[in-house]
Structures are given as structure tokens and as C-alpha cells.
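Scroll down for the structure; my scribbles are underneath it.
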Amino acid sequence: MERKSFIQSSVAALTASYLPALPKFEDSEDETLFVSPPALKTGDIIGITSPAGYIITQEIQSAVKKIESWGYKIKIGDTIDKRDFTFGGTDEERAKDLQQMLDDPKIKAIMCARGGYGAVRIVDKLNWEKFRAKPKWIIGFSDVTVFHSHLNRNFGIASIHSKMCNSFPDDWSTAEPVQIETIESIQLALSGVKMKYNVIPNSQNKPGIADGVLIGGNLKTLETLAGTKSDINTAGKILFVEDTGEYMYSVDRMFWNLKRTGKLSQLKGLIVGGFKIKVDEDADDFGRTLQDVVLEKIKAYRYPVCFDFPVGHQKNNYALKCGVKHRLNTSATEVTLKEI
Amino acid sequence: MIKVPPYLQKGDTIGLVCPAGLMPVERVSECIRVINEDWGFTTKVGTTVGRQYHYFSGTDEERLEDFQHMLDDDNVKAILCARGGYGISRIIDKIDFTRFKENPKWIIGFSDVTVLHSHIYRNYNISTLHAPMANAFNEDGFKNEYVQSLRHALEGKKIKYQVKQHEFNRKGEGIGELIGGNLALLAHLVGSDSDLKTKGRIFFIEDVGEYLYNIDRMLYQLKRSGKLDKLAGLIVGGFTDMKDTERPFGQTVHEIIRDAVEEYDYPVCFDFPVSHEKENYALKIGVGYKLKVGKNKVTLEE
């Protein structure tokens, strides 16, 4: 046995002996094994941490005030105002801040202050044992897809894909209604309300009804998790993807990655969120639309597909519960997604 | 055991195709002239050379057909991809390698062609050539040692590459089959049927025009998918035109790579001439090499 792995496993064994034995979750396709953290009650504490990019106190003030107006209390983590170049502190500092919040029984939910890049650098440094014994909501999107995917693959614990502190407007009086509504949807998700979304139908949607656990997130992040222990298992699930700032060829290549790693063949349904495509002015036109790029990969399958779902790096980015069973219903006149 | 396609004899035919991005005929003509006149081979120019379908050198069907035709033509002894770009991922699963498996021939290129290298090595254990493409012949490029190394590789000459020392190099000696290519493509292939097995191999990587954070993220992916821990050696090629975000990453690309493999003890060499620039030696994928990283020099030999 190598020295390193021996030390790691003995530490894990030591930690485990102080905790009740956890049921095994082996990358399961059994929906009944998925668990949701408890809904939040008035007075519960939400921790704010920055596992990826750096952010300063001033930038989270609006979120703090808003969340307090929902009746929750806030605990601000040590990574807020910390900076190590692009990161909200060194890997050790970011891991430590998140670890404390995962382990603190008083904290009932953890909101990532912003995305950026960095979650993958700390995911393997975290000890998830206490979190698994007492799950709590982890909230965020973009780079936070690493955590959604990791929890989904390894523990079957639900999490919230939504806007983060840096999307809360400073001036609510000038905010667009959709901006306010999407932020309020985080509170709905936390309060235990069963979510329901009505979406404007896109003419290229594929009709159908699908029941399955919802998973997904940022497509590029999902691609870079392929082959790792945080890689999602999509069989029997409803997958949603979104991305921003990628060239069309790159989006195409990422959908080939999904297909060639077997992630599209056994889906129950596919939800395509916002894709902000970067234009390459020197290059020739790619010759295919986003819809073409997606539909050609899944020609052989009959599951429902919905485009333009309000999730992504955009104002209409509603809170979605990853790891929770939903029903997707797409028809020519109506598209709904609801928690069941 | 790796199957090595027959080396080329005078008069043998090299097929030229564009399996990915479009390439105007005039950018290929010097390459054709040099292969015919100077190298003593003949060329067969595929239908995708000079063709255009938007971004690509033809529709998926056209690119597939041209490549397939060259693969199945017994008179064609090597296939030189005229350029990379993007597009092989779109046709790789439709290529029929049945005849190729029986009659292996050299497949040549880099960048997007990494998909072919990786797929063929993983599934058929046949050697391919990571080497300069048509554009490298232009502007007298055919005279440089890098384009010449392609000729030597095709002729079956065993070459020993000797390169300069780099301050981040990790000394040591490693022996193993040589594999690798463009980092973004290798990362993109992880988990697919074309994914590389790296254990016990000498692994080389290069990339161009990527954001530093993305290089870091791809290395984390390779690491977390178990591709960096059991190497015989690591060859870091050119990482050119790197981009940084508004909030700087805080490390150079060399530092990022050095840190990613810090915990292992195999030899590592930086700035090896395999890149999107002129410095791009021909490397035989799947063939056994010895990498020696010493105090003053680095050698790579078959």
C-alpha cells in the first residue's frame, strides 16, 4: 500500500468511527436513494463562502440584506474579502472555509458567493462525512457545478442550482421583474415549496413527458469532470445544461463529449438552458445553430427536449433542485417542469 | 504489442485529406511539391483539400468519405492530414477501420488529429505520427529540421531528439510507449471510446490559445481521472499564446504544469519542440521511447 493512500484511509476510518454508519450510495440509479436536505425555517443560518473566485464584502451586501429579509440569518465565511490572484483565498483557505460550514451543525445551507474557477481544486480536499450524516443545501451555479455533480454522483444529496450573491442587484428599484423573481425562487426552493416552472415553448422542442431526477449545470464544467469521480451518471435522469462565452465549435464538441461518454443515450429528458455563443470574427460561420448541434446528437432517442429553459448565465436563471425528481412535459403549446 | 505501419519507399503514395477545418489549395501546393520533388514520394490529393462547407472542409459525409477512401486504398501508404481545426470528433465513430487494421498505414498530423491518434492507439494499437502538417511546409518551412523529421520518420530512420534543459525539468529516465497530443482534445476524450490509457507510458502534451485557468482545469481532469499518476515520463511541449482572465491566474503555464505533477517522481521535461509553432518534431505514437532528462540536456530516442 502506498504511504499516501494508507494515511488517507486511516484518517477516514478514524472520522467514521465517531459518526453513525452511513448507508452506502453507489452511483445509484435508484431514485429512492436520493435525499433532500431539510427545508429552512425562519431564523436558520445560511453560510456564505467563496470556493472559487474572489469577492469582497461590498459585493455580497445586497444578497445579505435580501436573505435576511427572508427571515434567515447569515454567517459570512473567511473567504469573503480573501484573495489569492483570481481565487477567493488559497486552496487551503477556500477548502477550510467550506469545510467549516459543512461541519457546523448550526449552518443549514451554504450559498457560494460567486463562481469563477476553483471548486475542482478543492473538492478532493473536503471531508463530506458530517455533511452526509446531516445534509444541508449547497447553492450556486457555473463553477459550483463541480459540487452539484460530485454530490449527485457520490452521495445522492440534493443541491440548489441558482444565482449567487454576485447576481443580487444593488438597487432593487431598477431591477427587472425577472431578476427579482429568479432571486425569490431561491427562497422558494429553500423553504421546501415544490417547484414548478412554465416555459415559453420553442418550435424545435421535442414533445413528451419524462419523470426523473434532475441533474446538470454548466456544460464545460461537466465536460471537464468526465472520467473523474465527480462525473455524473445520467441514466434515467433529466439533464439540463447551459454555458456562456464558448465558440459554437466548442459547444458542438462538448455535446459530442456528452454523446461519446454515454451521457445522452439513457436520458429521460433533456433541458437546454441559455447558451451565450462567442463569435469568432476571423473564422467562417459554423453553419449550424445551437438547436441543430443538439438535435443531431439525439436523433436516435425519443425523449422530450426543451430549448430556451430559463437557466444559465443570464437574468432569467431560476433556482433548480439538482438530485430531486421532476416531471418535464413538453408540447407544442406548453412546457412545464415540476418537482414531483 | 504495438503494430508499426510499413515505412515508406521511394515512389510510395501519400494521401492528403482535410478531415476537419477547411484548407485552401494554395496553402497545400508547396507541401505537395516538396513531397513529390524533394522527398521522392507521390501524392494523392483528396477531394476535401480546397473544399469548404462553412467552417469545415466539406460536410461530415464528404470528410468521412474522403478519409475512408484513403484508408481503404491499398496504394496509399500514408495519410497526411493537411490541417487540423475542428471536426474529427464529428466523424470518428463513423470511420470503418476494418481494412486499416489489416493493412496499417501512417496517419499523420496534430492538433485536432489528436482524436485519431488517441482513438487508433486505444482501440487498434497501431502507431500513428504526431507531426507537422501542410502549412508547416510553406515559407521555406520544409527546410527546417521539424518538417525534415517527418520525412525521416516516414523513411524509418530512428532519430534521437536532443533538446535544451529547462529550469523546471525533473531529472530521471523513463522508458515506455509514447502517447499524447493536444491537451484540450485529450481532456475532451476522457471517458469516451477514444480515451488514452497512460499507465507506464511517456506522455506528451501541447496546446495553443487557451486560458490559463482552463489549462489548470484540464490538468485537474487528467489528474482526477488517474492519467497523471503512473507515467513513465512527461513531456511538456509548447503552450503558446496563452490567455489570462481580467483577474490574473497568478501562475505561468509552466508553474501550473509543474505543480500539477509535483507529487509524482517521474522525469518531466519542459519546452520540448512539439507545438503549434514551427518547433514541432515528428513523434511516433505508441512506439517505445526512452526519455532522459539530465542536468544539462534532454534526450528522447526510440
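Tabulated results
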quantity	calculated
Enumerated strands (runs of 3 or more DSSP E) restricted to region B:33-136, each holding at least 2 residues that are farther than 20 Å from B:LEU183 by Cα and open to solvent by 30 Å² or more (accessible area, probe 1.4 Å)	B:42-45
Residues of region A:29-44 that turn out to be open to solvent by 40 Å² or more (accessible area, probe 1.4 Å) and either assigned to a helix (DSSP H, G or I) or closer than 20 Å to A:LEU188 by Cβ (or both), as a count	9
Scope region B:199-223; condition open to solvent by 10 Å² or more (accessible area, probe 1.4 Å), part of a helix (DSSP H, G or I) and touching a Ser or Thr at 6+ places or on another chain (Cβ under 8 Å); matching residues	B:LEU212, B:TYR213, B:ARG217, B:TYR220
Within region A:271-296, considering residues that are open to solvent by less than 30 Å² (accessible area, probe 1.4 Å) and among the small types (Gly, Ala, Ser), the one nearest to the other protein chains (Cβ to nearest Cβ)	A:GLY287
Test: residue in region A:201-211 that is within 14 Å of chain B (Cβ to nearest Cβ) and out of contact with any strand residue (DSSP E or B) (no Cβ under 8 Å at 6 or more places or on another chain)	no
Matching residues, region A:35-81, being touching a Phe, Trp or Tyr at 6+ places or on another chain (Cβ under 7 Å) and among the hydroxyl-bearing types (Ser, Thr, Tyr)	A:TYR54, A:SER62
Residue in region B:268-278 that is under 27 Å from B:LYS3 (Cα atoms), within 14 Å of chain A (Cβ to nearest Cβ) and hydrophobic (A, V, I, L, M, F, W, C) present	no
Lone qualifier among A:SER9, A:SER50, A:SER69 - being within 19 Å of A:ILE160 (Cα to Cα), of a type in the set (Ser, Thr, Tyr) and either modelled with pLDDT of 90 or more or open to solvent by 50 Å² or more (accessible area, probe 1.4 Å) (or both)	A:SER50
Any hit, region B:237-246, residues being closer than 26 Å to A:MET254 by Cα, more than 12 Å from chain A (Cβ to nearest Cβ), crowded, with 24+ Cβ neighbours inside 10 Å and charged (D, E, K, R)	no
Among residues of region B:47-77, those that are more than 14 Å from B:ALA20 (Cβ to Cβ) and in contact with an Asp or Glu (Cβ under 7 Å, 6 or more places away or on another chain), counted	3
The listed residue being farther than 22 Å from B:LYS297 by Cβ and aliphatic (A, V, I, L, M), out of B:VAL261, B:VAL253	B:VAL253
Given (1) charged (D, E, K, R); (2) in contact (Cβ under 8 Å) with a residue 12 or more places away in the chain; (3) not in a loop (DSSP other than H, G, I, E, B), number of the condition A:GLU296 does not satisfy	(2)
Condition check for B:TYR146: of a type in the set (Phe, Trp, Tyr), touching a strand residue (DSSP E or B) at 6+ places or on another chain (Cβ under 9 Å), open to solvent by 10 Å² or more (accessible area, probe 1.4 Å) and modelled with pLDDT of 95 or more	no
Single residue of region B:156-173 satisfying the filter (assigned to a loop (DSSP other than H, G, I, E, B) and among the polar types (S, T, N, Q)) that is least open to solvent (accessible area, probe 1.4 Å)	B:ASN169
Any hit, region A:122-130, residues being buried (at least 23 other Cβ atoms within 10 Å of the Cβ) and among the polar types (S, T, N, Q)	no
Count of residues meeting criterion [outside any helix (DSSP H, G or I) and within 15 Å of the chain's Cα centre (by Cα)] in region A:186-227	8
In region A:251-270, the residues that are more than 14 Å from chain B (Cβ to nearest Cβ) and either within 15 Å of B:HIS54 (Cα to Cα) or open to solvent by less than 40 Å² (accessible area, probe 1.4 Å) (or both)	A:LEU267, A:GLY269, A:LEU270
Residues that are of a type outside the set (A, V, I, L, M, F, W, C) and either at positive phi or open to solvent by less than 50 Å² (accessible area, probe 1.4 Å) (or both), drawn from region A:314-340	A:ASN317, A:TYR318, A:LYS321, A:GLY323, A:HIS326, A:THR330, A:SER331, A:THR336, A:GLU339
Region B:17-31 - residue that is free of Cβ contacts under 8 Å to residues at least 40 places away in the same chain and away from chain A (no Cβ under 13 Å) and, of those, surrounded by the fewest Cβ atoms within 10 Å (Cβ to Cβ)	B:GLU26
Yes/no for B:ALA153 being crowded, with 19+ Cβ neighbours inside 10 Å, modelled with pLDDT of 95 or more and within 14 Å of chain A (Cβ to nearest Cβ)	no
Some residue of region B:270-284 being small (Gly, Ala, Ser), farther than 26 Å from A:TRP256 by Cβ and either in a strand (DSSP E or B) or open to solvent by 50 Å² or more (accessible area, probe 1.4 Å) (or both)	no
Selected residue [surrounded by 23 or more Cβ atoms within 10 Å (Cβ to Cβ), among the small types (Gly, Ala, Ser) and not in a strand (DSSP E or B)] from A:SER173, A:SER230	A:SER230
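Per-residue answers, yes or no, for (1) without any contact (Cβ under 8 Å) to a residue 24 or more places away in the chain; (2) small (Gly, Ala, Ser); (3) touching a strand residue (DSSP E or B) at 6+ places or on another chain (Cβ under 8 Å):
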position	(1), (2), (3)
B:LEU219	no, no, no
B:LYS223	no, no, no
B:ALA232	no, yes, yes
B:GLY237	no, yes, yes
B:LYS243	no, no, yes
B:ALA260	no, yes, no
B:GLU277	no, no, yes
B:ASN296	no, no, no
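A quick yes/no check of all residues on (1) more than 14 Å from chain A (Cβ to nearest Cβ); (2) under 23 Å from A:LYS259 (Cβ atoms); (3) surrounded by fewer than 16 Cβ atoms within 10 Å (Cβ to Cβ):
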| position | (1), (2), (3) |
| --- | --- |
| B:ILE175 | yes, no, yes |
| B:ASN182 | no, yes, no |
| B:ASP193 | no, yes, yes |
| B:LYS197 | no, yes, yes |
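The values are calculated or read from the model by the stated rules, or taken from the named source; none is laboratory data. Everything quoted here is computed from the prediction, not taken from an experiment. All Cβ positions, glycine included, derive from the backbone under ideal geometry; neighbour counts span all protein chains shown. Protein only, heavy atoms only, side chains kept; ligands, DNA and RNA dropped before computing areas. Shrake-Rupley method; radii C 1.70, N 1.55, O 1.52, S 1.80 Å.
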